[in-house]
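Peer 1: The structure's right below; bear with me while I get my questions together.
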Amino acid sequence: MALNSDGSREHGKRVHGGLPREAEPALILDNAKRSVSIRINTSDYGRIKTAARRMRTREAEIFRYLLQVGLARISPLLGETLDDTSYLRTLAELGPDFPGHFGIGTQELTALLQAFAGKSLPLVDESDLELIEFAGSHPRLATEKIEILAGRTCAAAGGLRPLLFEYLKHKYAGSEPDV
């Protein structure tokens, strides 16, 4: 906690999840490594420890790798602009996960992406936003629903998310589906 000019501790600056109310860009001007403290549940820590032992490396290396993979996955949220295809891919990749992890539904994710896109992005139907959320909790049923909407059986070689992305891309960006 920060200290006020009178030496008292500052309160009331944080909201749910420990995020500051006023979001400021995280600009770091040097290349120094940072030491951070995080809280994870016991089972996740056990899996990280097991992975480190099996790979004969330190737990910190596993943490760094997981952080890099996670940041790569949310990279569309970190960019300055967003094109139509990246927008649809982000909805397909992150939309099913966000309600469970952050309590952010697909409507809120869409609004967030639209806010920093820098241009108008395709408006996704309410039924498709519901399908994206449904994919997170019921992947098999979501796959069946996409097959019905596409009017054919889809070979989901890469799983549900690529299938969902191809469906969205075909419907909103007018490209031919690869599914």
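Peer 1: If L164 satisfies every condition in (1) at pLDDT below 90; (2) assigned by TED's automatic domain parsing to the domain that holds E108; (3) out of contact with any Ser or Thr (no Cβ under 8 Å at 6 or more places or on another chain) but one, which is the exception?
Peer 2: For L164, the failing item is (1).
Peer 1: Follow-up question, since we're still on this one. If you take the residues in the range 70-89 that are in contact with a Ser or Thr (Cβ under 9 Å, 6 or more places away or on another chain) and β-branched (V, I, T), which one is surrounded by the fewest Cβ atoms within 10 Å (Cβ to Cβ)?
Peer 2: Looking at the filtered set, the residue picked out is I74.
Peer 1: Taking helices (runs of 4 or more DSSP H) that fall entirely within the range 78-135, which contain at least 3 residues that are more than 21 Å from I146 (Cα to Cα)?
Peer 2: 98-102, 106-116
Peer 1: Then there is this: Given the conditions (1) in contact with a Gly (Cβ under 8 Å, 6 or more places away or on another chain); (2) not assigned by TED's automatic domain parsing to the domain that holds L160, report the number of the one that V69 does not fulfil.
Peer 2: With (1) in contact with a Gly (Cβ under 8 Å, 6 or more places away or on another chain); (2) not assigned by TED's automatic domain parsing to the domain that holds L160 applied to V69, the lone miss is (1).
Peer 1: Can you confirm whether the range 19-38 contains a residue that is modelled with pLDDT under 90 and assigned to a helix (DSSP H, G or I)?
Peer 2: No.
Peer 1: Also: Could you list, ordered by first residue, the pairs with Cβ atoms under 8 Å in which the first is in the range 83-108 and outside the structural domain of T143 (by TED's automatic domain parsing) and under 14 Å from L131 (Cα atoms) and the second is at pLDDT 90 or above and not β-branched (V, I, T), at least 6 apart or interchain?
Peer 2: Every condition considered, no pair remains.
Peer 1: Among the residues of the range 109-137, what is the count of those that are modelled with pLDDT under 90, exposed (fewer than 14 other Cβ atoms within 10 Å of the Cβ) and farther than 19 Å from G174 by Cβ?
Peer 2: Final tally of qualifying residues: 5.
Peer 1: A follow-up question, please. Just a yes or no: is a residue in the range 46-69 of a type outside the set (A, V, I, L, M, F, W, C), assigned to a helix (DSSP H, G or I) and either crowded, with 16+ Cβ neighbours inside 10 Å or under 12 Å from the mean Cα position of the chain (by Cα) (or both)?
Peer 2: no
Peer 1: Could you check, for the range 148-157, whether at least one of its residues is touching a residue at least 24 places away in the same chain (Cβ under 8 Å), over 19 Å from G70 (Cα atoms), buried (at least 21 other Cβ atoms within 10 Å of the Cβ) and among the aliphatic types (A, V, I, L, M)?
Peer 2: Checked the range 148-157: no residue is touching a residue at least 24 places away in the same chain (Cβ under 8 Å), over 19 Å from G70 (Cα atoms), buried (at least 21 other Cβ atoms within 10 Å of the Cβ) and among the aliphatic types (A, V, I, L, M).
The values are calculated or read from the model by the stated rules, or taken from the named source; none is laboratory data. Note that the coordinates shown come from a computational prediction; the quantities given were computed from them, not determined experimentally. Please note: Cβ atoms are built from the backbone with ideal geometry, for glycine as well, and neighbour counts cover all protein chains shown.
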